[in-house]
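Notes for the one structure printed next.
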Amino acid sequence: MTDHVARIVTSLRHQHDQLAAAVPQLGEDQLTGPSGASEWSVADVLSHLGSGAEITRATILASVDDSAEAPDNQAIWDRWNAASPRDQAADFLDHDARLVELLEGFSDEERATMRIDMGFLPEPVPLEVAAGMRLNEVSAHQWDVAAGLDPAAGMDPEAAELLLDLYAGPLAFLLGFSSQPDQLSERVELGVDERAVVIDDAVAVQPAGSPTATFTGAPEAAVRLLSGRLRPPYTPEGLEVSGNVTLDELRAVFPGY
């Protein structure tokens, strides 16, 4: 668990630093222009990530410090939604940095023992889950920002590899929220490198077994598929799916969020 948390925090720091270098250089037209998320501008994505950072930080603090208050999510969202695109971008960098610094400051013992009340899950969860959910969000939405500027952009490859590990373990439940396995009429075991995405009554990531289909492409593209971010304009050249399912059928299973 501690190793996963360390890898998650390292990845969050890396992705924050990438955005911190890129976001201040964006012009107004780029901030208000389309992102890889079909209904959001680049600034909308940064606002979503910034409010998420503020809420996640407050949620963690409220779980480990009795004097800290749980966040008022709706009030936070309203404030972020009312901000200008430039302020949304700047405030994202501030709040995301504060969250990453908080996570970096915990000792190995604290990381292994703390439990976070997310407010919408049945019981408090290990930091591995709370931070992993943030990594899932950041990785997808950092790609949304990048794809708005360059449709050929890929997801951070190290984050994608880590997310596949997490989907096979503590974040397996997220696949239930983001997938519609009933879109397929037969079981699919999709080989992705040394792993398999199994689609049956539910969706699971497992070690490779006896695949019924093969995904030929980078792991980052497979992770984008699972989050609905492998639409035709953003599909790398040469990517193929063969076997008892097509890429379009897989897109229907993973419509995105």
- [ ] Of the conditions (1) more than 20 Å from the chain's Cα centre (by Cα); (2) modelled with pLDDT under 95, G191 clears all except one; give me its number.
- [x] (2)
Open item on the list: Among the residues that make up the range 63-84, is at least one of them assigned to a loop (DSSP other than H, G, I, E, B), under 30 Å from A168 (Cβ atoms), touching a strand residue (DSSP E or B) at 6+ places or on another chain (Cβ under 7 Å) and in contact (Cβ under 8 Å) with a residue 40 or more places away in the chain?
Closed with: no
Open item on the list: Looking at (1) without any contact (Cβ under 8 Å) to a residue 24 or more places away in the chain; (2) surrounded by 21 or more Cβ atoms within 10 Å (Cβ to Cβ); (3) not hydroxyl-bearing (S, T, Y), which one does E189 not meet, given that it meets all the others?
Closed with: (1)
Task: Lone qualifier among E28, E69, E39 - being farther than 20 Å from S107 by Cα and under 21 Å from the mean Cα position of the chain (by Cα) - done: E39
Open item on the list: Is it the case, given these coordinates, that D96 is among the acidic types (D, E), part of a helix (DSSP H, G or I) and surrounded by 15 or more Cβ atoms within 10 Å (Cβ to Cβ)?
Closed with: yes
Task: Flag for V45 being closer than 27 Å to L230 by Cα, under 15 Å from the mean Cα position of the chain (by Cα) and modelled with pLDDT of 95 or more - done: yes
TODO: Output the number of the condition that F173 fails; it satisfies all remaining conditions of (1) under 23 Å from D3 (Cα atoms); (2) touching a residue at least 24 places away in the same chain (Cβ under 8 Å).
DONE: (2)
Open item on the list: Can you confirm whether S67 is of a type in the set (S, T, Y) and out of contact with any Lys or Arg (no Cβ under 8 Å at 6 or more places or on another chain)?
Closed with: yes
Open item on the list: Restricting to the range 206-257, name every residue that is of a type in the set (S, T, N, Q), under 19 Å from G148 (Cα atoms) and in contact (Cβ under 8 Å) with a residue 40 or more places away in the chain.
Closed with: S227
Task: Conditions (1) at pLDDT below 95; (2) in contact with a helix residue (DSSP H, G or I) (Cβ under 7 Å, 6 or more places away or on another chain): number failed by Q183 - done: (1)
Open item on the list: Return the residues of the range 113-152 that are over 17 Å from V9 (Cβ atoms), touching a residue at least 40 places away in the same chain (Cβ under 8 Å) and out of contact with any Pro (no Cβ under 8 Å at 6 or more places or on another chain); say none if nothing qualifies.
Closed with: G119, P124, A140, H141, W143, D144, V145, A146, A147, L149
Task: Hey, F120 surrounded by 13 or more Cβ atoms within 10 Å (Cβ to Cβ) and aromatic (F, W, Y) or not - done: no
Task: Filtered residues of the range 222-253 (kept if surrounded by 15 or more Cβ atoms within 10 Å (Cβ to Cβ) and farther than 19 Å from P181 by Cα) - done: Y234, T235, L239
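The values are calculated or read from the model by the stated rules, or taken from the named source; none is laboratory data. Since we're looking at a predicted model, the values are computed, not measured. Positions of Cβ are backbone-derived with ideal geometry, glycine not excepted, and every protein chain shown enters the neighbour counts.
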